[in-house]
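Heads up, the thing below is written out as structure tokens.
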Amino acid sequence: FYTQVIKRVALFPQQAGALTIDPMQIRLDVVREEDRNKRRNFFQRRRSIPVVVETPPLTINVRPLPNGAPPTFTGAVGKYYLTVMASNNNLTTDESITLRMNITGDGDIKQVQSPPILIDNVEVYEPRVISEASEEQQGKILSEKVIEYLILPQEAGRYNIAPEFSYFDTDSLKYITLKGTDNIFEVKKGVKRKPI
């Protein structure tokens, strides 16, 4: 006999403790033994019978996340990478900055929430998710989430916005914080527009 992967499923536990994965059933067509041993010519087809096979239930033990998560941890577990890009670096207090955060990794990207951006004298609007996608590559799930922040400087000056993103690394069993590249913004005082 030979073996073959028929179906692959990625499971991400949502709670700690002993979790049981239900059996998986699949219907196979098996060539009957008497047809297998008979001589047949080119135009004859082997007859098969349907057989339902079932895997045994599987119990896994999920450990809880340790205490001491950094403030920029929003639920990411696995291994992740971070890139950050800004729309412009020279602006006035009448203009806004668009900051795009790209998070890639091998965990459940749907559980990753937008990390906060904390900086004085700027107004940060509610972030929005631009895209979210996952795909399988060689038996691993690779995911990407792109988050966009709209930032309005309130005062003129020089700002350094370097967002951080934290995740729990399943290899080292530690929280890891990634820091985006420094984004230096030169903000000049703008002219307030009169209402029309």
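Listed values, structure above:
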| read-out | value |
| --- | --- |
| Scope the range 64-83; condition at pLDDT below 90 and either under 18 Å from residue 130 (Cα atoms) or open to solvent by 40 Å² or more (accessible area, probe 1.4 Å) (or both); matching residues | 71, 74 |
| Conditions (1) modelled with pLDDT of 90 or more; (2) more than 19 Å from residue 170 (Cα to Cα); number of the one not met by residue 144 | (2) |
| Pairs where the first residue, in the range 67-84, is free of Cβ contacts under 8 Å to residues at least 40 places away in the same chain and the second is not acidic (Asp, Glu), C-beta under 7 Å, 6+ apart | 75/111; 75/112; 75/113 |
| Residues satisfying the stated conditions in the range 146-196, i.e. of a type in the set (S, T, N, Q) and assigned to a strand (DSSP E or B) | 160, 166, 177, 183 |
| Pair list, Cβ < 8 Å and 6+ apart or interchain, from the range 152-165 residues that are at pLDDT 85 or above to residues that are open to solvent by less than 30 Å² (accessible area, probe 1.4 Å) and of a type in the set (Gly, Ala, Ser) | 163/180; 164/180; 165/76; 165/180 |
| Test set (1) farther than 21 Å from residue 76 by Cβ; (2) touching an Asp or Glu at 6+ places or on another chain (Cβ under 8 Å); (3) hydrophobic (A, V, I, L, M, F, W, C); (4) surrounded by 17 or more Cβ atoms within 10 Å (Cβ to Cβ) - residue 99 fails condition number | (1) |
| Near pairs, Cβ below 6 angstrom, 6+ apart or cross-chain, from the range 118-147 (free of Cβ contacts under 8 Å to residues at least 24 places away in the same chain) to any residue that is among the basic types (Lys, Arg) | 132/145 |
| Filter result (within 22 Å of residue 10 (Cα to Cα) and more than 14 Å from the chain's Cα centre (by Cα)) within the range 138-167 | 138, 139 |
| Filter pass, residue 39 being touching a helix residue (DSSP H, G or I) at 6+ places or on another chain (Cβ under 8 Å), at pLDDT below 90 and either polar (S, T, N, Q) or open to solvent by 90 Å² or more (accessible area, probe 1.4 Å) (or both) | no |
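The values are calculated or read from the model by the stated rules, or taken from the named source; none is laboratory data. From a predicted model like this one, the values you see are computed outputs, not experimental measurements. In this analysis, Cβ positions are derived from the backbone assuming ideal geometry, glycine residues included, and neighbour counts consider all displayed protein chains. These area figures cover heavy atoms from the full protein model, side chains too; ligands, DNA and RNA do not enter into them. Shrake-Rupley method; radii C 1.70, N 1.55, O 1.52, S 1.80 Å.
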